[in-house]
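A short worksheet on the structure shown next.
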Amino acid sequence: MNRELTRTSLQTYTRKQGIVDSEWMNTVRREAERAVLVNMLTENVIMKKVAVTDREIQDAYARHSGMMVLDGKTVPLSEVKEQISGIVLAEKRKAATGKYVGQVRKKAKIRTYEKRLPKV
């Protein structure tokens, strides 16, 4: 909310100063708003039921144990548990988002009006 109010006040100030928004600035703003909406949808709808279990963390640690070496010594799971949890959660987020988008695409009804296309 604070960020949005700051953006709005800065935008109003620049307009009063006579600085007009460029097309590039409008594109950047639209893309930022789109990214925020996608993240909100992902967190509030898709990721509600997604969680990382200790077993999944241990499996990921075992799969990548060759990479868990520092100065010739194996790094214990307790030291890298948070990082591995983040990686596993990112993988699950990507998979859940892909599944959700696939379901939405199946439900979508898209019509193309060939006669109207030349007028567009």
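Specify which of the listed residues (Met47, Met40) is assigned to a helix (DSSP H, G or I) and surrounded by 11 or more Cβ atoms within 10 Å (Cβ to Cβ).
Of the residues listed, the single one that is assigned to a helix (DSSP H, G or I) and surrounded by 11 or more Cβ atoms within 10 Å (Cβ to Cβ) is Met47.
Residues checked against (1) under 30 Å from Gln58 (Cα atoms); (2) at pLDDT 90 or above:
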site: Glu82; (1), (2): yes, yes
site: Val88; (1), (2): yes, yes
site: Ala95; (1), (2): yes, yes
site: Gln103; (1), (2): no, yes
site: Ile110; (1), (2): no, no
site: Lys119; (1), (2): no, no
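Look at Glu33 and say whether it is surrounded by 13 or more Cβ atoms within 10 Å (Cβ to Cβ) and either without any contact (Cβ under 8 Å) to a residue 60 or more places away in the chain or in a strand (DSSP E or B) (or both).
For Glu33, the condition - surrounded by 13 or more Cβ atoms within 10 Å (Cβ to Cβ) and either without any contact (Cβ under 8 Å) to a residue 60 or more places away in the chain or in a strand (DSSP E or B) (or both) - is not met.
Kindly check whether there is at least one residue in the stretch 16-28 that is touching a residue at least 24 places away in the same chain (Cβ under 8 Å) and either surrounded by 10 or more Cβ atoms within 10 Å (Cβ to Cβ) or farther than 30 Å from Arg3 by Cβ (or both).
Taking every residue of the stretch 16-28 in turn, none turns out to be touching a residue at least 24 places away in the same chain (Cβ under 8 Å) and either surrounded by 10 or more Cβ atoms within 10 Å (Cβ to Cβ) or farther than 30 Å from Arg3 by Cβ (or both).
Could you tell me which numbered condition Gly18 fails, if it satisfies all but one of (1) over 30 Å from Ala96 (Cα atoms); (2) in a helix (DSSP H, G or I); (3) of a type outside the set (S, T, N, Q)?
Looking at each condition in turn, Gly18 falls short on (2).
Considering Arg93, Arg55, Arg105, Arg111, which residue is among the charged types (D, E, K, R) and closer than 30 Å to Arg7 by Cβ?
The match here is Arg93.
The values are calculated or read from the model by the stated rules, or taken from the named source; none is laboratory data. The model shown is predicted, which means the values in this text are computed figures rather than measured ones. Virtual Cβ from ideal backbone geometry, glycine too; neighbours counted across all protein chains shown.
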